[in-house]
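See below for the structure under consideration.
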Amino acid sequence: MKLINLLTIWYILITMIALFLGGLLIFKKFESEIDFELGRELDRQIDAYAKRIESGAPANRLIYDKLEIREIPYDLPLEELYLRDTVAFHDPMNRAENQLKASKSYKIDGKHYRISYYNVVVEAEDITETVVITMFSVFLIQLLFLGFFTRIGSKKILRPFHQTLDQIRSFNFQKNEPLHLPKNSIAEFEKLNSFLEKMSQKLLNDYRQIKEFSENLSHEIQTPSAIIRGKLEHLMNEDISEKQAMMIQSVYQSNEKINKIVRSLSMLAKLENEEFEAPEKIDLSPIVSKLIEGMEELIELKNLEVKTQIQENSLVKIHPFIAEVLIQNLISNAIKHNIDGGKLYVELNDYSLRIENSGLIPEKDPEEFFGRFSKGNNNSDSIGLGLSIVKQICRRYNLRAIYRIENNLHVLTILFK
Amino acid sequence: MKILIIEDNPELTQNMVSYLQGENILCETASNLFDAQDKLLGFQYDCIILDLMLPDGNGLDILNFIKINKISSNVLIISAKDSLDDRLQGLDEGADDYLPKPFHLSELLARLRAIYRRSRLGGSDQLNFNEIVLDTAMIQVKVHQKILDLTKKEFDLLLFFITNKNRVIGKEAIAQHLWGDYTDDLANFDFVYQHVKNLRKKISQAGGKDYIKTVYGIGYKFDPNIS
């Protein structure tokens, strides 16, 4: 959910509560104000009638439907103005109506009169209606302004934030440039930007250090390892016994393994560092065909039955060198772990690369082979980094690798989309 | 053939020198850019083996130096920097070949010979070895004047053996020579055995001697002194 929508919803809810409470308050205020004004008016009327009685008008002739004059015992104390709601017959409307009755007593010429005067009150429903209509209009006006605000206002206010987001999105280790965010006048955004700038600087420094480390590591190990290899090759040419030959072979192979591990790890590091940008899509079909051709002898050696279905112009956005590493890894795996006289099917199209091969069925979930140093057979000579390189390549170029066992065949699929 | 090895690691230089000297290659060495430039101005070399990471600069500078001074030596780059960029840049700037470290000495020799053949002999060369004649331009082998029906890989294998004759060549070196990077993941070397077997069979069938000897489990040796 967008921040602005959330804010709007909250704002609408709060406004609704505020308008409701405000409406109630206004309703109460209206009601009491009307009652008060009406009371004063009635008081004035009653006073006027009392004056007329005082000036000699006969009390019983003044009476009409709104006025009630009654004589009460003289010794009762004078009654103050007394207001109450009542239902009385209203002549013009010809029905009973809510009315306000005001009464007060006067002592005039030795007589005690209680004068009561009725008047129609403004009904509660009428007030409610007015209040609700008013509040609703206010609410609508607010919604209108809110809509305007979210459409235009927020865009303007949040523009620096979106600019920052865009910059972060395009941040790239290869460019080796820390973020440079434009200054802006909103304190929070300014704080965020300066924090991001510092962070990007630090990230780049860390990245450089790690990169240097992995590059140095592979370089520093490769040189002594090259020396070992050279010395062993010289040693092979000496007059040696079979026992010595075996030892040389063993050292030689271990040295080769170190080499492979270092090379694979440095490849993984490079992939993790997002090197090898892929500027455009390339056609994988010639690469697949060439690699299968290059491994023809190995295929023949294992007497594999090979079927290929390679669609031309199978375009994928990937670095050409890495595409070769990926496909070579997959196909050589399919050959290496195959059984004598087994099967190898390679299918390539726009949508996926699918490699099926026979082989021993692993006990564990084949997906686990994507992990580093994970091997199906612990005695195998492979170093167990091949599929983790595959996985890292897939992650780097937004591909999806799936490893399943189907009909007793190992099926490795790389989905391009 | 006279070469200059520009490499800062003395052990590695020593390895190369002692291997190549046995092949009648005259080796001189330089351990930094300065020495190398000095030697290049003073002497004539057929080929330069160039390491890219030198204590006083990048080996690629030598390529420029060679161009400016119109030195006609070929250049074989050896580098531990296994990065694609360096490889492409090196070849772009006029190097003849690029061999990533660590390499097999037999491979180094084969590459040197190949460069030499390409540039000095116009690619065509006949290697005579007793009854065996290799024509590198035609990719053809004759044993007792009879053309052998060899695959490209078998031809490369024989050339590799004859170039490194009298040397023990490890199975790994052979695999890497024939299949390059593909061997990275192929731990078993049955296919090397298979190829050597086929080659031996074809030479024997044509009446050639079986020069190729198995050396324990390590590898093979093309032995001219076979009885």
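The values are calculated or read from the model by the stated rules, or taken from the named source; none is laboratory data. Note that the structure is a prediction, hence the values are computed from the model and not measured. As a convention, Cβ positions derive from the backbone with ideal geometry for all residues, glycine included, and neighbour counts pool all protein chains shown. Accessible surface areas use protein heavy atoms only, side chains included; no ligands, DNA or RNA. Shrake-Rupley method; radii C 1.70, N 1.55, O 1.52, S 1.80 Å.
What the table below lists for this structure:
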{"item": "Counted charge near A:Ser154, where neighbours are those whose Cβ lies closer than 15 Å (Asp, Glu -1; Lys, Arg +1)", "result": "+4"}
{"item": "At 1.567 mPa s and 4 °C, Stokes D of chain B from Kirkwood alpha-carbon radius, µm² per second", "result": "69"}
{"item": "Spatially proximal aspartates and glutamates relative to A:Lys183 (Cα-Cα < 19 Å; intrachain offsets below 8 disregarded)", "result": "A:Asp166, A:Glu197"}
{"item": "For segment A:48-98, convex hull of alpha carbons as volume per residue, Å³", "result": "116"}
{"item": "Total formal charge among the other residues, if their Cβ is under 13 angstrom from that of A:Ser374, Lys/Arg +1 and Asp/Glu -1", "result": "0"}
{"item": "Chain pair A, B: total accessible area buried, heavy atoms, 1.4 Å probe, Å²", "result": "3800"}
{"item": "Inter-label distance for A:Phe373 and A:Phe20, nm, one decimal - labels placed 7 Å from Cα along Cα-to-Cβ", "result": "6.3"}
{"item": "Inter-label distance, nm, simple model (7 Å from Cα along the C-beta direction), B:Met138/B:Phe34", "result": "5.4"}
{"item": "Electrostatic dipole magnitude of the protein assembly as shown [Cβ: Lys, Arg +1; Asp, Glu -1; Cα centre; debye, to 20]", "result": "480"}
{"item": "Flagged links, alpha-carbon separation over 24 Å, of A:Lys257/A:Lys336; B:Lys153/B:Lys201; B:Lys153/B:Lys202; A:Lys270/B:Lys67; A:Lys343/B:Lys202", "result": "A:Lys270/B:Lys67; A:Lys343/B:Lys202"}
{"item": "Label zone at A:Met246 (point 7 Å along Cα-to-Cβ), backbone N below 20 Å, segment B:204-222", "result": "B:214-220"}
{"item": "For segment B:2-120, accessible area per residue (1.4 Å probe, heavy atoms of protein chains only), Å²", "result": "41"}
{"item": "Interchain or long-range residues, amide H under 5 Å from A:Leu179's placed H", "result": "A:Ser200, A:Gln201"}
{"item": "Stokes-Einstein translational diffusion, segment A:149-199 - Kirkwood Rh over all Cα pairs, 0.890 mPa s, 25 °C, in µm²/s", "result": "209"}
{"item": "Signed unit charges on C-beta, dipole axis of the protein assembly as shown, positive-most listed residue B:Tyr216, A:Ala50, B:Ile77", "result": "B:Tyr216"}
{"item": "Modelled label reach - A:Glu33, point 7 Å along Cα→Cβ, segment A:115-131 residues with backbone N closer than 12 Å", "result": "A:131"}
{"item": "0 to 90° range, to nearest 10: angle between helix A:320-336 axis and chain A longest Cα axis", "result": "70"}
{"item": "Quotient of C-alpha Rg and 2.2 N^0.38 Å, computed over the protein assembly as shown", "result": "1.89"}
{"item": "Solvent-accessible area per residue for segment A:189-272 (1.4 angstrom probe, square angstrom)", "result": "55"}
{"item": "Cross-link partners of A:Lys290 among aspartates and glutamates (Cα-Cα below 15 Å; sequence separation of 8 or more within a chain)", "result": "A:Glu312, A:Glu324, A:Glu347, B:Asp181"}
{"item": "Residue pairs, from the table B:Lys142/B:Lys197; B:Lys171/B:Lys221; A:Lys307/B:Lys171; A:Lys260/B:Lys171, whose Cα atoms sit over 22 Å apart", "result": "A:Lys307/B:Lys171"}
{"item": "Simple Cβ-charge dipole of segment B:2-120, Lys/Arg +1 and Asp/Glu -1, about Cα centre, in debye nearest 20", "result": "560"}
{"item": "Shielding of A:362-372 by partner chains, average beta-carbon count, 10 Å", "result": "0"}
{"item": "FRET efficiency, B:Arg120 to A:Asn273 (Cβ-Cβ, R0 60 Å, nearest 0.05)", "result": "0.90"}
{"item": "Selected from A:Ser105, A:Ser266, A:Ser170 as most flexible by GNM, with chain A as the system and alpha-carbon contacts under 10 Å", "result": "A:Ser105"}
{"item": "Listed residues B:Ile162, B:Ile48, B:Ile147, most fluctuating in chain B (Gaussian network, C-alpha, under 10 Å)", "result": "B:Ile147"}
{"item": "Length released on extending from A:Leu3 to A:Phe89, taking residue separation times 0.36 nm less the Cα-Cα span", "result": "25.0 nm"}
{"item": "Nearby lysines by direct alpha-carbon distance to A:Lys66 (threshold 30 angstrom, same-chain neighbours under 8 apart not counted)", "result": "A:Lys28, A:Lys29, A:Lys51, A:Lys101, A:Lys104, A:Lys107, A:Lys111"}
{"item": "Inter-label distance, nm, simple model (7 Å from Cα along the C-beta direction), A:Lys290/B:Met1", "result": "2.6"}
{"item": "Residue of B:Asp210, B:Asp92, B:Asp156 that the Gaussian network model of chain B assigns the largest fluctuation, springs spanning Cα pairs under 10 Å", "result": "B:Asp92"}
{"item": "Globularity index of segment A:189-272, i.e. its alpha-carbon radius of gyration over 2.2 N^0.38 Å", "result": "1.82"}
{"item": "The protein assembly as shown - mean residue ellipticity at 222 nm from DSSP helices (-39,500 (n - 2.57) per run, n ≥ 4, rounded to 500)", "result": "-16500 deg cm²/dmol"}
{"item": "Segment B:126-222: mean projected area of Cα convex hull, nm²", "result": "5.9"}
{"item": "Sequence of B:His144, A:His410, A:His180 when ordered by accessible area, the most exposed leading, probe 1.4 angstrom", "result": "A:His180, B:His144, A:His410"}
